[in-house]
1. Quick check: pseudo-label points 7 Å beyond the Cα along Cα→Cβ at residue 206 and residue 350, how many nm apart are they?
2. Rounded to the nearest 10 Å², what accessible area does residue 343 have for a 1.4 Å probe in the complete protein model?
3. What do you get for trypsin sites (Lys or Arg not before Pro) in the stretch 268-349 restricted to DSSP loop and a cutoff of at most 16 other Cβ within 10 Å of the site's Cβ?
4. For the stretch 1-105, what class follows from the C-alpha gyration tensor (a ≥ b ≥ c being the square roots of its eigenvalues): rounded when a/c is under 1.5, otherwise prolate if a/b is larger than b/c, else oblate?
5. Would you report the distance distribution of C-alpha pairs in the stretch 195-283 as whole percents per 5 angstrom bin, up to the bin with the largest distance?
6. Going from most exposed to least, what order do 88, 215 have by accessible area with a 1.4 Å probe?
7. As a test of reading the structure, rank 163, 28, 345 by solvent-accessible area (1.4 Å probe, protein chains only), most first.
8. Stretched out fully, how many nm does the piece from residue 71 to residue 337 gain, at 0.36 nm a residue minus the Cα gap?
Amino acid sequence: MSKSLAYPLYIKLAFSLIIILAIGIILYCGKDIIMPVLLSFLFAIMLQPVVVFFNKKMRLPHILAIIFTLFLFVALVSSLFYLVSIQVSDIINDWTKIKNNFYVHIEHIQHLIKDNFNLSKREQKQLLDGAKKDGIQNSKEIVGNTLLSFSDIILTATLIPIYTFLILLYRIHFIKFFCKLFNSEHHAKLQEILFEIKIAIQSYVVGLIFEMIGVSIFTTIGLYFIGVQYFILLGIITGVLNLIPYVGILFAGILTIVISLSGTTDFSIILYILGVNFVVQLIDNNIFVPLFVNSKVQINAFVSIIGIIIGNIFGGITGMFLAIPIIAILKVIFDRIDGLKSWGYLFGDDLPKTFEWHRIKIPMFKYENISSSQNFEITVTPKQDSENEDVKA
């Protein structure tokens, strides 16, 4: 008869830290291989319903269904890049105008610095020349890193469809591997975990796609009405960067302001852009996110931000995009393993909800000893026991 050993808390904590450290080292050293594979797994989970549709409904063979699904996915992404490239070519054609507008803005900024910091234009030019010399010394390294990063992007863009195809092709093979990895008594729990992971990731990724489309459309419309020149490109960029929670919209706003200033000499455009971004974020947070993105796995904001920072360290933009799905997968696993439920609770969001889509809910507090000179009535409808209680004041 096997006996389980009960270790003290400090030993369990030491083991946990060693495991986390080992996983971190593996991810950091192998990020060039691991990140494309994780992104391919994400795309494979997202595209699996489409493969099933072509296989079951359209009666296509399994391999042809996968190939046709990947062809449509690559065609959609390529069309998006083609649309962006057209807008970028317009910016290149207007390069002379952009350069002149930047000179006007630099002149204005120099006057502001002179008036507020008592630095003459000659002193400012000396500071800029010194920074320019430092930049020239490192220019070869910067160009080399840029070319290397571009080659890495091309290689990753080539490998991801191949990885996705193989993952979809060997999906049953991987599931059988997990079944062989655990005893038969754990197969029911394993099946539940895999099913919940699939549902959580599919709902999250598909919701993000709808959110990206909605944010892109509303931002494009807003930038068009305030007179921004490259409104289609900036709207698409805002929608794509919004896929990175919390920090993506900040980068999108800064990029929009910089590109917009290059097309006009009017500084008031900054206020209009901030107004458009504010309105779009209100629509996104109160309509798109509750309607599309909210999934069965709720993750609190603190863990999300920490995960995004860690993802940026390990994988850059790809790691930031993968952070939330990976945390969602970990939470599904933690919630269904007895020894890890406390970590699942830590990742979760246990705050009382004061807003829901299609209904504004009063916070679930007890209204007692309310005194007022006016006569009014508040009706609170709690979820469980006291459904018909009316509190009068």
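1. The answer from the label model is 3.1 nm.
2. 110
3. Counting only loop positions with at most 16 other Cβ atoms within 10 Å, the trypsin sites (Lys or Arg not before Pro) in the stretch 268-349 are 296, 336.
4. Details: a/c = 4.70, a/b = 1.43, b/c = 3.29.
Cα axes put the stretch 1-105 in the oblate bin.
5. Pair shares across the bins are 3, 15, 25, 23, 13, 8, 5, 4, 2, 1, 0, 0.
6. Listed by decreasing accessible area, they come as 88, 215.
7. Numbers: 163 65, 28 120, 345 145 Å².
These residues rank, largest area first, as 345, 28, 163.
8. Working: separation 266, 0.36 × 266 = 95.76 nm, distance 3.87 nm.
Using 0.36 nm per residue and subtracting the Cα-Cα distance, I get 91.9 nm.
The values are calculated or read from the model by the stated rules, or taken from the named source; none is laboratory data. Here the structure is a predicted model, which means the values were calculated and not measured. Neighbour counts are summed over all protein chains in view; Cβ atoms, including those assigned to glycine, are modelled from backbone coordinates with ideal geometry. Just the protein is used for accessible areas: all its heavy atoms, side chains included, with ligands, DNA and RNA removed. Shrake-Rupley method; radii C 1.70, N 1.55, O 1.52, S 1.80 Å.
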